[in-house]
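Values quoted throughout were computed directly from the atomic coordinates according to the rules given, and no laboratory measurement underlies them. Since this is a predicted model, take the numbers as computed values, not measurements. Virtual Cβ from ideal backbone geometry, glycine too; neighbours counted across all protein chains shown.
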Amino acid sequence: MVNLLWKTTRLTLAILSFWAVFLQALYLIQLGRFELAGFLSFFTIQANLFVIAVLLIETFNGCGISIDRRASLRGAAVLYLAITGIVYAVLLSKLPIVKEIVHPVADAFHHVIMPTWVLFDWVANPPSHRITVRRALWWFVYPLAYLFVSLIRGAITGWYPYPFLNPASPGGWLGIVAVSIACLILGYIILLGIIRLQPRNQD
């Protein structure tokens, strides 16, 4: 019964999170500011789509993925949404240009509800396979790849998904390096916290 309730909750949140992605896209369409490639370039959207996939995998008994890989995917989901929520709150949420294009309901789901849920899910129903710090460091591959791809794409197109990634913004490349290092340090601290939250008696 408890397992069924947990699966139902995960499925419900996956559906609601996808609905929030659709809602944000529809909002941009109404504003006349929607462009698919640009929309999918936001870390918030990518991270939440990743979490939706993880929730669906857990809902449907792993979908053939090994227990240790599923544990790693869940830990990565916690990390990515924690970074998403904190960076948004500190660097983006107060910017007028961001307030203009972010739907308030989608904002709440993507930056508050889903980050809170995946953390709660990790603590209240931890994976049976314990993740080591060494293995968890692989979680940084995606954020680092995202950073480099965003910078390269921005240099080619002149468009950057976030102001702090734009070398033409105040601070220039020095600001980009400073923010990137700060996010990396923040991510590592969060990663250590995620590992510590695992029960000691896990295999």
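Look at the dipole of segment 2-196 built from charges on Cβ: of Ile190, Ala145, Ala89, the Cα furthest out on the positive end belongs to Ile190.
How would you rank Ile45, Ile152, Ile194, going from fewest to most other Cβ atoms within 10 Å of each one's own Cβ? Before the final figure, lay out the partial values.
On the way: Ile45 20, Ile152 10, Ile194 23.
Lowest to highest Cβ neighbour count: Ile152, Ile45, Ile194.
With each label modelled as a point 7 angstrom along the Cα→C-beta vector, the Ile67-Tyr142 pair spans 2.3 nm. Dipole of the chain computed with +1 at Lys/Arg Cβ and -1 at Asp/Glu Cβ about the Cα centre; of Val51, Thr157, Ala76, farthest Cα towards the positive end is Ala76.
Calculated mean residue ellipticity, 222 nm, the chain: -22000 deg cm²/dmol, from DSSP H runs (n ≥ 4) at -39500 (n - 2.57) each, averaged per residue and rounded to 500.
Enclosing the Cα atoms of the chain in their convex hull gives a volume equal to 123 cubic angstrom per residue. Note on segment 38-70 and segment 78-152: Cα centroid distance 12 Å, given to the nearest whole angstrom. For Leu36 and Ile185, the FRET efficiency from 1/(1 + (r/R0)^6), where r spans their Cβ atoms and R0 equals 30 Å, is about 0.35.
Within 10 Å, count the other beta carbons around each residue, average over each peptide in 52-62, 166-176, and list them highest first. Mind showing how you got there, number by number?
Values: 52-62: 17.5, 166-176: 12.7.
Packing proxy ranking, top to bottom: 52-62, 166-176.
Evaluated with a Cβ-only charge set (Lys, Arg +1; Asp, Glu -1), segment 2-196 carries a dipole of roughly 420 debye about its Cα centre, given to the nearest 20. In terms of packing, defined here as the mean over residues of other Cβ atoms within 10 angstrom, the peptides 106-116, 64-74 line up highest first as 106-116, 64-74.
Projecting the Cα atoms of Gly172, Leu4, Ile113 onto the charge dipole of the chain (Cβ charges, centred on the Cα centre) puts Leu4 farthest toward the positive pole.
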